[in-house]
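Have a look at the structure below before the remarks.
Each reported figure results from applying straightforward, stated rules to the coordinates on display, with no laboratory input. It should be emphasised that the depicted structure is a prediction, and the values quoted were computed from it without experimental measurement. Please note: Cβ atoms are built from the backbone with ideal geometry, for glycine as well, and neighbour counts cover all protein chains shown.
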Amino acid sequence: MQLPDAIKEKPGRNYETIAWKWMRYSALLLIPLVWGHVLLQDILVGVHRIDLNYVALRWASLGWRIYDVLLLGFAFAHGVNGLRQVALDYIHNPRARRGVEWGLLIFWLLITGIGAAAIIGGVSALPE
Amino acid sequence: MRLTLKIFRYDPNTSAGPHYDRFQVEADPNDRVLDLLEAVRGDQDDTLSFRRSCAHGVCGSDAMRINGLNALACKVLVKDLNSDTIQIEPLLGLRVEKDLIVDMEPFFAHYRSILPYLINDEPLPEDGKERLQSEAERERFDDTTKCILCAACTTSCPSFWADGQTIGPAAIVNAHRFIFDSRDRGRLKRLKILAGQAGVWRCRTAFNCTEACPRDIHITRAIAEVKQEILKHS
């Protein structure tokens, strides 16, 4: 009986396995990041009191900038990968799938780039 | 007791499209749904088509949707349905050939894709007889040996409904049966197949498969164990 070359072959690092792990690890980090964000911005400070001065004050601290970069990176990538999973349910043509995956990647890069530029560039408080 | 059977009908050779027919039947509470289908075919409409073989929950040929849930018609008792009308439909996600008969080929293609046979090219034991294993080694995959390939699980899986390329729970269960068999040497090859885009990562742990399984296999657990095994080797 001819047997497949089964013994040494490893599942290895494939894209889908990495994407699955990413969803789990990023979700774990999102729990403290998102709850911290909601608690501070929506409850302690309140959305109506957030203005440019407040953002300038917040981003004067490097710690908050790192926090916001992490939140942007994990939350958005987590969400876009989720969208990719949903899209794969409905789009079955391999070429269309590739197109959607590239489109989502570009969308993610664009929005993350704009967000990162804002966070790194920071803001100056308005003159009184 | 008098019951109404609302049965999905489709015959590609007639112009009538898919529709439901209603049949009145006299039933005993201990009758099985398969008995009612046989009564309809025998006494009322001999064009009604459905699969059946052993009629005792072993062969797995009469899986269908009964009041919306996948089950074997030979294992569901009328009294357990608590309903005067029983709706019987073919399995979802597979092409209907006629009435309650679906094309099982895509299901079996997924099954074949995971190499559902023992792979071991090592020399035979000295006595030339059996490759022995301990009770514990056998116990490791005992649950997944119970699969009868009825397709109740795969056709209850939302990921399979959405995309027929999804390998589905039955194929993963049968891969599990060999992946955790101490005598088998094809584990990594199977894990590689299951780590692909149509494989285990399509499972969203909806648990539909576990509820649908007429053999009470812990399918979602088996899928989780295969996922862990892939993570261990990646």
Subject >> Pair-distance profile P(r), taking every C-alpha pair of the protein assembly as shown, with 10 angstrom steps and integer % >> reply: 5, 18, 22, 19, 16, 11, 6, 2, 0, 0
**OP:** Indicate the gyration tensor shape class of the stretch B:194-234 (rounded, prolate or oblate), computed on the Cα atoms with a ≥ b ≥ c the square roots of the eigenvalues: a/c under 1.5 is rounded; otherwise a/b larger than b/c is prolate and the rest oblate.
**Re:** prolate
Original post:
Between the stretch B:1-73 and the stretch B:113-157, how many Å separate their Cα centres?
Top reply: 34 Å
Original post:
Relative to the longest principal Cα axis of chain B, at what angle does helix B:169-179 sit, 0 to 90 degrees, rounded to 10?
Top reply: 30 degrees
**OP:** Under a 10 Å cutoff between Cα atoms, tell me which one of A:81, A:14, A:93 has the largest fluctuation in the Gaussian network model of chain A.
**Re:** A:14
Subject >> Calculated FRET value between residue B:67 and residue A:43, using beta carbons and R₀ = 56 Å, to 0.05 >> reply: 0.75
**OP:** Express as a percent, rounded to the nearest 5, the fraction of DSSP beta bridges in chain B (both residues included) that run antiparallel.
**Re:** 80 percent
Original post:
Using a Förster distance of 22 Å, how high is the FRET efficiency between residue A:29 and residue A:95, based on the Cβ-Cβ distance and rounded to 0.05?
Top reply: 0.05
Original post:
If you plug each phi of the stretch B:186-193 into the Karplus form 6.51 cos²θ - 1.76 cosθ + 1.60 with θ = phi - 60°, what whole-Hz ³J(HN,Hα) values come out, in order, with x for Gly and Pro?
Top reply: x, 4, 5, 5, 5, 4, 5, 5
Original post:
What is the set of long-range amide H partners of residue B:61 at a cut-off below 5 Å, with H atoms built 1.01 Å from backbone N?
Top reply: B:53, B:54
**OP:** For each pair in B:189/B:227; B:79/B:146; B:146/B:189; B:75/B:146; B:192/B:232, compute the distance between the two Cα atoms and list the pairs where it is over 21 Å.
**Re:** B:79/B:146; B:146/B:189
Original post:
Taking a ≥ b ≥ c as the square roots of the eigenvalues of the Cα gyration tensor of the stretch A:15-125, is the shape rounded (a/c under 1.5), prolate (a/b larger than b/c) or oblate?
Top reply: prolate
Subject >> Shape of the stretch B:157-234, Cα gyration tensor, a/c cut at 1.5 >> reply: oblate
Subject >> residue B:49-residue B:121 FRET efficiency (beta carbon distance; Förster radius 30 Å; 0.05 resolution) >> reply: 0.10
**OP:** Per DSSP H run of n ≥ 4, the term is -39500 (n - 2.57); total these for chain A, divide by its residue number, and report the mean residue ellipticity at 222 nm rounded to 500 deg cm²/dmol.
**Re:** -24000 deg cm²/dmol
Subject >> For q = 0.11, 0.16, 0.17 Å⁻¹, Debye-computed log10 I/I(0) when each Cα of chain B counts as one equal scatterer >> reply: -0.62, -1.07, -1.16
Original post:
When the chain is fully extended, how far beyond the present Cα-Cα distance does residue B:108 get from residue B:206, taking 0.36 nm per residue of separation?
Top reply: 33.1 nm
**OP:** Using the Karplus curve 6.51 cos²θ - 1.76 cosθ + 1.60 with θ = phi - 60°, work out ³J(HN,Hα) for each residue of the stretch B:29-46 in order, rounded to whole Hz, and write x for Gly and Pro.
**Re:** x, 8, 5, 9, 4, 4, 4, 5, 4, 5, 5, 4, 5, x, 10, 10, 8, 7
Original post:
What dipole magnitude, in Debye to the nearest 20, does chain A give about its Cα centre under +1 on Lys/Arg Cβ and -1 on Asp/Glu Cβ?
Top reply: 400 debye
Original post:
Using θ = phi - 60° and the Karplus curve 6.51 cos²θ - 1.76 cosθ + 1.60, what whole-Hz ³J(HN,Hα) does each residue of the stretch B:108-124 get, with Gly and Pro shown as x?
Top reply: 6, 5, 5, 4, 5, 5, 9, 6, x, 8, 5, 10, 6, 9, 6, x, 5
Original post:
Mean Kyte-Doolittle of at least 0.0 and a Cα length of 18 Å or more along the axis: which whole DSSP H helices of chain A meet both?
Top reply: A:15-37, A:62-90, A:94-121
